[in-house]
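See structure below.
The values are calculated or read from the model by the stated rules, or taken from the named source; none is laboratory data. Note that the structure is predicted; figures quoted are calculated from it, not measured. We place every Cβ from the backbone using ideal geometry, glycine too, and count neighbours over all the protein chains shown. These accessible areas exclude ligands, DNA and RNA; they are computed on the full protein's heavy atoms, side chains included. Shrake-Rupley method; radii C 1.70, N 1.55, O 1.52, S 1.80 Å.
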Amino acid sequence: MRKVVTGNMAAAIGAKLCKPDVISAYPITPQTTIVEYIADFVADGSLKTQYVKVESEHSAMAACISASNLGVRTFTATSSHGLLLMHEMLGWASGARLPVVMVNVNRAIGPPWSVWVDHLDAIMQRDTGWIHIFAENNQEVLDSMIMMYKICEDHDVLLPGMIHEDAFYLSHTSEPVDIPDQSKVDEFLPKYKALVKMDLDNPLGFGSLVMPDNYMEFRYKIALAMDNVREKIIEVDADFKRLFGRSYGGMLDLYRCEDAEYVLLGAGTTASTVREVVDELREQGKKVGLARLRVFRPFPYEEIRKLARSVKAIGVFERAFAFGYMGPFMAEIGGALYNTDIRIPIKDYIIGLGGRDVRTKHIHAIFNDLEKIANSGKLDKELKWFGLNDGNRPEEEM
Amino acid sequence: MKTYQEITITPINNVDSRAVKTGAWRTWRPVLIPEKCIHCYKCWKVCPDVAISVESPEEKSLPVWDYDYCKGCGLCAFECPKDAIEMQREVDQ
């Protein structure tokens, strides 16, 4: 059934379809309506779950962890400062190998206080042992939730995962979304079977102390599980396509990259704007493409290497800045390419922080800049704060 | 030392925390000088790890340290009103 819904409604419907046994969440703009819609579903009886009200995001995650330890499916949603407050518990969920699934609405970190989109909240959770998927549209928010449970609950994985949706551009913007039939979702996503779980009749100690002679081995098992996610994502994406008719390209979503000479690489809703511009430039005969970083953890370094072998230049667009270095994606892509024979220029474009609009004309300006780099093979500078008002901002960046 | 293939997915114990002998961390070992002890049992009261036991206060038995769990924090020696507890370096034992 097709409905016109916001990203947050898509997330709430996604939660309903995946039938988590326990949901615990704390409201925060712009995630609040997810919590409200779920409360409506619980109130009208259409979602049978234990909805645990808590006093903070830290407690919401703690509730999900405890419930997940009992072997049931759990869900939560948050945003920005709420995600940062959860941070400690995020490490617990992955270390305890619990497939908790969450939707995070990407919002800027204050101050300056801001409720608009920025990816730094997600980037700050990079090393928590969670799987990170960035959605491009409301349909992908919903579909990724169904897929995420399947990936996380696989016994070769058993890790938590978060789906990121851009504040307001997705969370509060209505789009047509195909709502899958419950029976099909049930077929795709069977009930969660825990490998180990708490049992009151057979008490066990979970997450207990490990001396230095075994800590590394437990961490290595998380690293292996995260590596397993790569093929699992591709496998689940293919299964999803068979049943629901939609696919998201697995780890790195490539658009018109086959014969592209220079491409833009980045995550979130900006990818949709880049898609538009790629089509326009293709009509003018320019060989351009988009590589959408759909999965941030595990990082698609092999896919990026493969892409980099076939293009002359890569421009990275990112709605976050890692203070003290450069854009977080840029740093990772540079790392992925270093131990190879690939030597192409890569330029980092910091764009749209704190919800600043990124329009097609901006993407055109970035592609123009990247074209010069691709043709000359020369990089003028590694990093550009695109559209920064420094007193003489060019017209195309306004 | 177990290999990563041998260990469980996450640390799970079918025994309680007493199975982990945390006394292995100790650098400084509290040692009682029995003749100085006045049986006030302040050491027993302050021990944060409940590693000191007293069999019978009525019979003025001496406090006994469980070195499997005593981490050598030295609280007992610090609080002892008669300096009857000496902290000795483990390597010197």
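Carbon and sulfur: what percent of the stretch A:252-397's accessible surface (1.4 Å probe)? On the stretch A:252-397, the fraction of accessible area on carbon and sulfur atoms equals 46 percent. In loop segments of chain B as defined by DSSP, the GluC sites (Glu not before Pro) with at most 12 further C-beta atoms inside 10 Å of their C-beta are B:GLU6, B:GLU55, B:GLU58, B:GLU59.
Among B:ILE33, B:ILE52, B:ILE12, the largest mean-square fluctuation in a Gaussian network model of chain B (Cα springs under 10 Å) belongs to B:ILE12. Shown for the protein assembly as shown: cysteine residues without a partner Cβ closer than 4.7 Å, namely A:CYS18, A:CYS64, A:CYS152, A:CYS257, B:CYS37, B:CYS40, B:CYS47, B:CYS70, B:CYS73, B:CYS80.
Of the residues in the stretch A:80-100, those shielded by at least 10 Å² of accessible area once partner protein chains are present, compared with the chain alone at a 1.4 Å probe, are A:GLY95, A:ALA96, A:ARG97. To put it simply, the accessible area of the stretch B:21-92 at a 1.4 Å probe is 54 percent carbon and sulfur. Measuring only protein heavy atoms, the 1.4 Å probe finds A:GLU395 accessible over about 120 Å². Among the protein heavy atoms, those of A:TRP92 account for about 110 Å² of accessible surface (1.4 Å probe, every chain in place).
Cross-link pairs exceeding 21 Å in C-alpha to C-alpha distance, out of A:LYS3/A:LYS53; B:LYS2/B:LYS71; A:LYS287/A:LYS347, comprise A:LYS3/A:LYS53; B:LYS2/B:LYS71. Less than 5 angstrom separates the built amide H of A:ALA25 from those of A:VAL52, A:VAL54, all sequence-distant by 5 or more or on a different chain. A simple rule links phi to the HN-Hα coupling: the Karplus curve 6.51 cos²θ - 1.76 cosθ + 1.60 with θ = phi - 60°, which for the stretch A:353-365 gives 5, x, x, 4, 4, 10, 9, 4, 5, 5, 5, 4, 4 Hz, with x for Gly and Pro. Per residue, the accessible area of chain A comes to 42 Å², computed with a 1.4 Å probe over protein heavy atoms only.
Computed about its Cα centre, the charge dipole of the stretch B:21-92 is approximately 200 debye, with only Lys, Arg, Asp and Glu carrying charge at their Cβ. Distances between placed amide hydrogens fall under 5 Å for A:TRP385 paired with A:ILE350, all partners being 5 or more residues away or on another chain.
Carbon-plus-sulfur accessible fraction, the stretch A:2-244 (probe radius 1.4 Å, protein heavy atoms only): 57%. Beta bridges assigned by DSSP with both partners in the protein assembly as shown are antiparallel in approximately 35 percent of cases.
Chains B and A together bury roughly 1700 Å² of accessible area, counting both sides, with a 1.4 Å probe on protein heavy atoms only. A loss of 30 Å² or more of accessible area (1.4 Å probe, protein heavy atoms, ligands and nucleic acids excluded) relative to the isolated chain is seen in these residues of the stretch A:207-223: A:SER208, A:LEU209, A:MET211, A:ASP213, A:ASN214, A:GLU217, A:PHE218, A:TYR220, A:LYS221.
Against the main long axis of the alpha-carbon atoms of chain A, helix A:301-310 sits at an angle near 20°. Enumerate the calculated ³J(HN,Hα) couplings along the stretch A:127-140 in order (Karplus 6.51 cos²θ - 1.76 cosθ + 1.60, θ = phi - 60°), each rounded to whole Hz, writing x wherever the residue is Gly or Pro. Going residue by residue, I get 9, 7, x, 9, 7, 10, 10, 9, 8, 9, 8, 5, 4, 5 Hz, with x marking Gly and Pro. What whole-number distance in Å separates the alpha-carbon centres of the stretch A:99-128 and the stretch A:1-40? Cα centres, the stretch A:99-128 to the stretch A:1-40: 18 Å.
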